[in-house]
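Visitor: I have a structure I would like to understand better, so I am pasting it below and will then ask my questions one at a time.
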2 protein chains.
Amino acid sequence: MHVELRRGGLVESRHVSHVAVVDGEGHLIARAGDPDFVTFWRSAAKPFQAMPLVLDGAADHFGMTAVDLALCCASHSSEPGQVNLVRELLQKIGCSERDLTCGPHTPLSEAVAKDYQTRGVRLTAVYSNCSGKHAGMLALARHHDWPTEGYARLDHPVQRRCLAEVSRWTGAPEREIGVAVDGCGVACFALPLRSMATAYARLGKGEAGNAKHAATDASRSSPPAFRIVEAMLRHPELVAGDGRPCTAMMRAHPGRVITKVGAEGVYGALLMREGLGVAIKIEDGHGPASVLAMAAVLRELGLEPQPDSLLATPTRNSRGEVVGELRVNGGLVQ
Amino acid sequence: MHVELRRGGLVESRHVSHVAVVDGEGHLIARAGDPDFVTFWRSAAKPFQAMPLVLDGAADHFGMTAVDLALCCASHSSEPGQVNLVRELLQKIGCSERDLTCGPHTPLSEAVAKDYQTRGVRLTAVYSNCSGKHAGMLALARHHDWPTEGYARLDHPVQRRCLAEVSRWTGAPEREIGVAVDGCGVACFALPLRSMATAYARLGKGEAGNAKHAATDASRSSPPAFRIVEAMLRHPELVAGDGRPCTAMMRAHPGRVITKVGAEGVYGALLMREGLGVAIKIEDGHGPASVLAMAAVLRELGLEPQPDSLLATPTRNSRGEVVGELRVNGGLVQ
């Protein structure tokens with residue numbers, strides 16, 4: 001499965017994709033390219049980095065709502081409403097913007113970026129797409145009475161706790177998980193795609209390991225971990241933002257799917273009814289290609305229709321003429 | 001030969017490169033990946049799109065200097081001085097900015113782009129990195145008494161003439177060359193890398209086809225085509241611009257090498273003393289990777305040192321910390 005940039009009728013550039021589709025028992029049921037390709041999980045790991053909040057009691061301790069938890073799992077668009085919600089979360093846990101160590105960056109939403117530039121809005125740490133995740137990490141530190149200072153350092157108990165949780169859900173031993181510094185300064189984790197997909201499939205059951213009850217029973221038995229799933233399903237508008245792919249894919253099939261993008265062309269998804277986890281990596285890290293690949297995989301797995309804008313992206317030249325398009329070629333192998 | 005993005009000590013993303021190194025007789029003497037990979041030549045074709053100016057007499061007719069010809073071959077940085085030189089060229093050929101049909105875009109030089117944004121400079125067609133090429137095409141139309149209107153259309157005599165010239169230098173029959181619309185609206189050409197490299201190698205001899213005299217004799221015999229080579233060698237500061245890779249690579253070895261970047265990770269080069277042509281394509285179209293690949297290939301072919309900044313590019317997170325680097329892994333195969 002490639003994502004191709006066509007100019008006229010000819011392929012100009014090609015993005016190689018690797019895909020693993022895994023069921024709740026960790027069996028590979030479909031793939032493209034190399035399902036054991038190792039790369040960094042980046043922001044697609046956020047649901048699992050938020051998991052200690054519900055498992056360790058921090059979410060209950062601070063009265064965190066589904067809104068708060070969705071933001072902890074988000075790569076949000078820095079929309080004014082989203083930023084204000086993160087500010088409220090920080091207040092709720094007794095912290096302030098000054099405790100955040102994520103660097104500021106241009107908002108991931110072009111519309112928001114343009115608006116802020118026009119209005120001269122000064123971008124601070126709370127505007128980082130990762131500010132919800134960082135607020136969650138501060139909450140975890142507070143709850144455990146760990147120092148909040150240095151919470152982003154790889155050897156801080158917060159980061160060690162996240163690594164342990166990533167290990168539990170992916171089934172990868174800690175010593176086999178590569179750890180490096182993410183774009184926002186906290187730990188990020190290198191894993192085979194198959195392990196990432198396994199974690200998402202297990203998320204649908206609300207339990208790490210090979211628990212036997214199916215996703216459809218999860219809301220009845222309600223394991224604590226399932227609060228992460230419910231938060232994301234209830235608030236697709238917070239997981240990314242208006243007009244962004246994760247939000248669009250989740251809104252297209254409410255309650256049926258969670259999708260979570262990461263930087264450098266990595267993507268995770270959970271298909272609720274099917275109980276399947278998906279992990280995708282565009283080998284060269286191309287973000288727009290990863291979006292088209294995820295929409296194509298979801299469609300092939302039965303979640304159709306997908307938003308038209310995610311099936312192909314026209315490319316234009318400097319005169320505004322359409323001169324080609326980015327489009328998926330090929331599909332999954334059983 | 002891959003260009004790898006490393007995070008910590010681990011590879012996060014990988015850019016596959018294809019390279020053809022060809023001598024003046026069209027023999028492949030080294031490669032990486034698939035030397036017959038077909039893609040669009042984009043702006044790396046500019047020296048050959050400028051060629052009709054010297055061969056058909058337009059350059060003499062209008063008194064075009066080495067400065068003018070270098071700009072016709074350039075993907076310039078839209079520097080104020082470069083833009084003014086294109087304006088002077090337009091005046092010289094009896095045209096004006098209004099005749100240019102290239103769309104405006106953000107300058108390729110970040111420093112220039114920032115400066116113009118700060119100063120509120122309105123970007124018009126003459127600021128396009130391709131404005132020199134377009135001015136040259138207008139000159140060709142004027143010289144032949146072809147209509148200047150519609151000079152960018154694929155069926156206009158100017159574009160047909162460029163296709164014929166591309167065919168002559170690459171050795172690829174016209175019917176085997178894919179034609180589509182480039183980023184600036186004119187024709188661009190799909191070819192195997194080996195054919196692109198052949199054209200660059202022949203450029204060093206100043207003659208299309210398999211002429212027998214060596215590159216070192218060219219300045220003595222001075223075939224008309226050699227004026228393109230001399231113009232680019234004399235004005236590396238116009239071929240790209242201050243701080244940009246083509247200019248840096250050419251300045252590092254004055255008179256020894258021509259390098260010409262194209263969009264979507266394509267690159268061409270001519271090694272003067274060695275009489276070798278090089279064509280590179282990063283399969284996924286990644287521009288920064290193509291720069292590192294070209295510097296690595298030039299170094300391997302004996303042009304060392306290369307500028308330090310072109311050997312590896314550090315990547316930083318939103319906090320400004322270095323978290324990884326982009327670097328070439330592997331080399332040419334004989």
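Visitor: Largest first, please: the extent of the C-alpha atoms of region B:113-189 along each principal axis, to the nearest Å.
Guide: 48, 27, 18
Visitor: Given the -39500 (n - 2.57) contribution per DSSP H run of 4+ residues, what per-residue ellipticity at 222 nm results for chain A, rounded to the nearest 500 deg cm²/dmol?
Guide: Calculated at 222 nm, the ellipticity per residue is -10500 deg cm²/dmol.
Visitor: Under 16 Å from a point placed 7 Å out from the Cα of B:Gln91 along the Cα-to-Cβ direction: which residues of region B:112-151 have their backbone N that close?
Guide: From region B:112-151, the list is B:126.
Visitor: Relative contact order (percent) for chain A, with alpha-carbon contacts under 8 angstrom and 6 or more residues of separation?
Guide: Contact order relative to length: 25 percent.
Visitor: So how compact is region A:222-291: Cα radius of gyration and Dmax in angstrom?
Guide: 12.3, 39
Visitor: Just the number: Rg to Rh for region A:1-160, Cα atoms, Kirkwood Rh, two decimals.
Guide: 1.07
Visitor: Treating only the Cβ atoms of Lys and Arg (+1) and Asp and Glu (-1) as charged, compute the dipole magnitude of region B:60-116 about its Cα centre; round to the nearest 20 debye.
Guide: With Lys and Arg at +1 and Asp and Glu at -1, about 100 debye.
Visitor: Of B:Leu154, B:His143, B:Val261, whose Cα points farthest to the positive end of the dipole of chain B (charges on the beta-carbon: +1 Lys, Arg; -1 Asp, Glu; origin at the Cα centre)?
Guide: B:Val261
Visitor: Once a ≥ b ≥ c are taken as the square roots of the eigenvalues of the Cα gyration tensor of region B:168-301, is the result rounded (a/c under 1.5), prolate (a/b larger than b/c) or oblate (a/b not larger than b/c)?
Guide: Here region B:168-301 falls in the oblate category.
Visitor: Quick one: divide the alpha-carbon radius of gyration of region B:66-195 by 2.2 N^0.38 Å and tell me what you get.
Guide: 1.10
Visitor: Write down the radius of gyration of region B:260-334 and its Dmax, each obtained from C-alpha positions, in Å.
Guide: When restricted to the Cα atoms of region B:260-334, Rg and Dmax are 13.6, 46 Å.
Visitor: Starting from the eigenvalues of the Cα gyration tensor, five times each then square-rooted, give me the equivalent ellipsoid semi-axes of region A:1-88, largest first, whole Å.
Guide: Over the Cα atoms of region A:1-88, the ellipsoid semi-axes are 36, 22, 9 Å.
Visitor: Here is a follow-up. Rounded to the nearest 0.05, what FRET efficiency is calculated for B:Val322 and B:Ser222 with R0 set to 35 Å and r the Cβ-Cβ distance?
Guide: The computed FRET efficiency comes out at 0.10.
Visitor: Neighbour counts of other C-beta atoms within 10 Å: give me B:Met250, A:Met294, A:Met272 arranged from fewest to most.
Guide: A:Met272, B:Met250, A:Met294
Visitor: Sort shortest first the distances from A:Arg160 to its counterpart in every other copy, using label points 7 Å along the Cα-to-beta-carbon line, and give them in nm.
Guide: Going from nearest to farthest copy, the values are 7.6 nm.
Visitor: Using only C-alpha positions, report the orientation-averaged shadow area of the convex hull of chain A, nm², one decimal.
Guide: That works out to 16.3 nm², a quarter of the Cα hull's surface.
Visitor: Let me spell out the model: positive unit charges on the Cβ of Lys and Arg, negative unit charges on the Cβ of Asp and Glu, origin at the Cα centre of region A:254-334. What dipole size does that give, in debye rounded to 20?
Guide: 180 debye
Visitor: State, to one decimal in nm and shortest first, how far the label point of A:Leu28 sits from each corresponding label point in the other identical copies (label point: 7 angstrom along Cα-to-Cβ).
Guide: From this label point to the equivalent ones elsewhere in the assembly: 3.1 nm.
Visitor: Relative contact order for region A:1-67 using alpha-carbon pairs under 8 Å, separation at least 6, rounded to a whole percent?
Guide: 18 percent
Visitor: Shifting gears a bit: Please compute, for the alpha-carbon atoms of region A:115-155, the extent along each of the three principal axes and give them in descending order in Å.
Guide: Answer, in whole Å and largest first: 42, 17, 13 Å.
Visitor: By residue number, which cysteines of chain B lack any other Cys whose Cβ falls under 4.7 Å from their Cβ?
Guide: Result for chain B is B:Cys72, B:Cys73, B:Cys95, B:Cys162, B:Cys188, B:Cys246, no neighbouring Cys Cβ within the cutoff.
Visitor: Also, I was wondering about something else. Taking the C-alpha atoms of the protein assembly as shown, how large are the radius of gyration and the largest Cα-Cα span, Dmax, in Å?
Guide: Spelled out, the Cα radius of gyration and Dmax of the protein assembly as shown are 27.3, 88 Å.
Visitor: List the residue from chain A whose beta-carbon is nearest to the axis that rotates chain A onto chain B, together with that distance in whole Å.
Guide: Axis-proximal residue of A, distance in whole Å: A:Asp284, 2.
Visitor: To one decimal in nm, how far is B:Arg175 from the same spot in the other copies, if labels go 7 Å from Cα toward Cβ? Please give the shortest first.
Guide: 6.6
Visitor: Ranking B:Thr198, A:Thr101 by Cβ neighbours within 10 Å, fewest first, what do you get?
Guide: Ascending number of Cβ neighbours within 10 Å: A:Thr101, B:Thr198.
Visitor: Another one. Say each of B:Asp60 and A:Arg251 gets a label point 7 Å from the Cα, pointing the same way as Cα to Cβ; how far apart are those two points in nm?
Guide: 6.5 nm
Visitor: Suppose R0 equals 22 Å; then what is the FRET efficiency for A:Glu174 and B:Asn329 from their Cβ-Cβ distance, rounded to the nearest 0.05?
Guide: Rounded to the nearest 0.05, the efficiency is 0.20.
Visitor: Considering only the other residues whose Cβ falls under 13 Å of the Cβ of A:Met1, what net charge follows from Lys and Arg at +1 and Asp and Glu at -1?
Guide: In short, +1.
Visitor: Given a Förster distance of 45 angstrom, what is the FRET efficiency for A:Thr124 paired with A:Glu25, based on the Cβ-Cβ distance and rounded to 0.05?
Guide: FRET efficiency, A:Thr124 to A:Glu25: 0.50.
Visitor: Restricting to Cα pairs below 8 Å that are 6+ residues apart, what does the relative contact order work out to for region B:244-310? Please round to a whole percent.
Guide: Once divided by the residue count of region B:244-310, the mean separation gives 27 percent.
Visitor: Of B:Lys92/B:Lys133; A:Lys46/A:Lys133; B:Lys205/B:Lys281; B:Lys260/B:Lys281, which ones are farther than 18 Å apart at the Cα?
Guide: Over 18 Å Cα-Cα: B:Lys205/B:Lys281.
No value in this document is a laboratory result; all are computed from the given coordinates. On a predicted model such as this, the values are computed, not experimentally measured, just so you know. A quick note on method: Cβ atoms are made from the backbone with ideal geometry, for glycine too, and the neighbour counts reach across all protein chains shown.
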